[in-house]
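A short reminder: the numbers here are calculations on the coordinates, not readings from a lab. Note that this is a predicted model, so its numbers are computed, not measured. Using ideal geometry, Cβ is built from the backbone for each residue, glycine included, and neighbour counts are taken over all protein chains shown.
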Amino acid sequence: AKGKKDAWVVPDANRGKGVKWEFTYEKPADNWFEIAFDDSNWRKGRSGFGAPGTPGSKVRTPWHSSDIWLRRDFRFDTIPGKLTLKIHHDEDAEVYLNGKQIKTFKGHLQKYTEIDVTDECLDVLQTGRNTLAIHCKQTGGGQYIDAGLVVDQSTTPVPALAARYGREVLGEGKLAKYSKLHGELIKIQSTQLKLKTEYAMAVAEDARRKMWILRRGLPALKGEEVGPAFPTILDISAAHVPDDYAVGKASGKRRVLAEWVASGSNPMTARVMANRLWQHHFGRGIVRSSNNFGFIGAKPTHPDLLNWLANELVAGDWKLKRMHKLIMMSNTYRMSSSGGETALARDPNNDLMWRHEMRRLSAEEIRDSILNLTGQLNLKMGGPSIYTEVPKDVLATASRPGAAWGNSPVAERNRRSVYIYVKRSLHEPFLGAFDWADTDNTCDVRFVTTVPTQTLTLLNSKFLNDSAESLAKRLAKVVPGDAKAQVTRALRLATSRKPTGEEVDDGLELIHGLKAEAKLDDSEALQRFCLLVLNLNEFLYLD
């Protein structure tokens, strides 16, 4: 470990105002402690559950029944080297992490105690979402339950973890195999490779040479000598090329141009980038003509804001993540898309940014959202481009149908759309239906259309029907045998909110109707309902 750094991932009641837990006084289903359990119908309360006056307690949420069940989600970016449970219980308590019971406590305490639970949790901890669940029971006297989790974020090397926990987690056989392979890896990493360098032409340099204005375009009629300079409409100063920029046959002029483009003193680059970032989040830029900042382009609706964003970009060392955060935390970004009649009449184009403009998801966002909703999205980073499944009828239009498109494994096909192979003569049909950019020309702003072929694609395409089947299987696994719970879960996943009773009833009515009239079985009817969910406007549009 490089150094100790403790952090609360689940603060207890003594930290600030406490944190919210989901809880219930009524006995839940048997799998209440699992990560996938749906606790959306549970109550919410801040940490510190009990009766005032219990020794050592800090009560924030009253608890007077005999039993209480609690759940709290938290996240890890990396697996910690050490995990400590801090708990105060009165009386008996059972503690679960990611579905595994890690501790059982009997009796009561009068103050908080700390327990190292690293060994008990190491085999179930995961990056991303984790769930801490607690059941506390009391029979008389005071009552109180509160818990927190503290991590030591020190970096523990994997070999050290293997040496410490390998026999328990892997067993003798797998530990021996790991040790052997790790030794081979160390040997390979220490080997100096002698590789033959391959060269490919990137540019042919011709060193520095003089240039003249050629009269009537004839090389023999040399006019005034011309030195390197920038477009005078942007910068009237001459371009100075230092002598040390000329390396080999390189003149150094391209380096000077690159430094000028990315210079903090060049306002155009920062303004264009800031405008593009704004367009990414709001659907249109402060300058609506994103490719044209000239006289025939659109004027900025908020010039001072654009200049301020450009200055922030340069001041922040051109870091884009900082700019995304700055924009997304602004009041403008967090506004609703709804508006009153008076405001709509005064500014129908929303030039003043008084509301957030509703927009449909882009083609790539729709595809990725569907894969994420169905639980199939592969978040693998990097690597070569991938090929989605393209219908044979589309491939038949290519000049060489058999060689027009590759074939990626199913898991690779489900990676994010940014990795899809782009071929100018053959567009991915699903993305093409939703206004995918034309790859033959630059595209500053995509046109957003609403045409019948989009609805037909969402209803009839193989990708959508396969996705509906995958979503139905996901629901059947998480909430088996309960149609109402399945409908509720599907709508909650698609809309990121708790569905209304009327919406759930409509979904159940559809499923029952499909079973009665179309003679579909439970799984087929659920699949048709899932296809409907993937077509919801609330899923496809941001408002």
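A few remarks follow.
- Sum of -39500 (n - 2.57) over DSSP H runs of 4+, divided by residues of the chain (222 nm, nearest 500): -10000 deg cm²/dmol
- The relative contact order of region 359-543 comes to 25 percent, based on Cα pairs under 8 Å that sit 6 or more residues apart.
- Region 447-466 versus region 123-188: alpha-carbon centroid distance in Å: 45 Å
- Relative packing of 219-228, 42-51, 410-419, which averages over residues the other C-beta atoms within 10 Å, highest first: 42-51, 410-419, 219-228
- For the pair region 339-375 / region 17-45, the C-alpha centres are spaced 33 Å from each other.
- Cα-Cα over 27 Å, subset of 222/253; 321/477; 17/82; 249/321; 392/515; 100/515: 321/477; 249/321; 392/515; 100/515
- Gyration tensor verdict on region 346-398 (Cα atoms; rounded if a/c is under 1.5, prolate if a/b is larger than b/c, oblate otherwise): prolate
- Of the chymotrypsin sites (Phe, Trp or Tyr not before Pro) in region 176-268, the ones in a loop by DSSP (not H, G, I, E or B) with at most 13 other beta carbons within 10 Å are 199.
- Separation of the residue 213 and residue 460 label points, Cα + 7 Å toward Cβ, nm: 6.3 nm
- For region 267-346: rounded, prolate or oblate by the Cα gyration tensor [a/c cutoff 1.5]: oblate
- Stretch gain in nm, segment residue 369-residue 51, where the contour uses 0.36 nm per residue and the Cα spacing is subtracted: 110.0 nm
- The string of couplings for region 195-200 from the Karplus curve (6.51, -1.76, 1.60, θ = phi - 60°) is 10, 7, 7, 9, 10, 10 Hz, one whole number per residue in order, with x for Gly and Pro.
- Taking amide H positions as modeled 1.01 Å from N, with prolines and chain starts lacking one, the residues under 5 Å from residue 117 and 5 or more places away or on another chain are 83, 84, 85.
- On the beta carbon distance between residue 393 and residue 503, with R0 = 51 Å, the FRET formula returns roughly 0.90.
- Seen against the Cα atoms of the chain and their longest principal axis, helix 171-189 is set at about 20 degrees.
- Applied to region 499-515, the Karplus parametrisation 6.51 cos²θ - 1.76 cosθ + 1.60 on θ = phi - 60° returns per-residue 3J(HN,Hα) values of x, 6, x, 5, 5, 5, 4, 5, x, 5, 4, 4, 4, 5, x, 5, 6 Hz, with x for Gly and Pro.
- 0 to 90° range, to nearest 10: angle between helix 483-495 axis and the chain longest Cα axis: 30 degrees
- Going from the residue with the fewest nearby Cβ atoms within 10 Å to the one with the most, 530, 121 rank 121, 530.
- Spatial separation of Cα centroids for region 65-97 and region 514-542, in angstrom: 38 Å
- Tilt relative to the chain, helix 158-169 - C-alpha long axis, 0 to 90 degrees, to 10: 30 degrees
- The fewest-to-most ranking of 68, 79 by surrounding Cβ atoms within 10 Å reads 79, 68.
- Mean separation of Cα pairs under 8 Å and 6 or more residues apart, divided by the residue count, gives the chain a relative contact order of 9 percent.
- Cα-based shape type of region 211-261, given that a ≥ b ≥ c are square roots of the gyration tensor eigenvalues and the cut on a/c is 1.5: oblate
- Over the C-alpha trace of the chain, radius of gyration and Dmax come out as 30.8, 107 angstrom.
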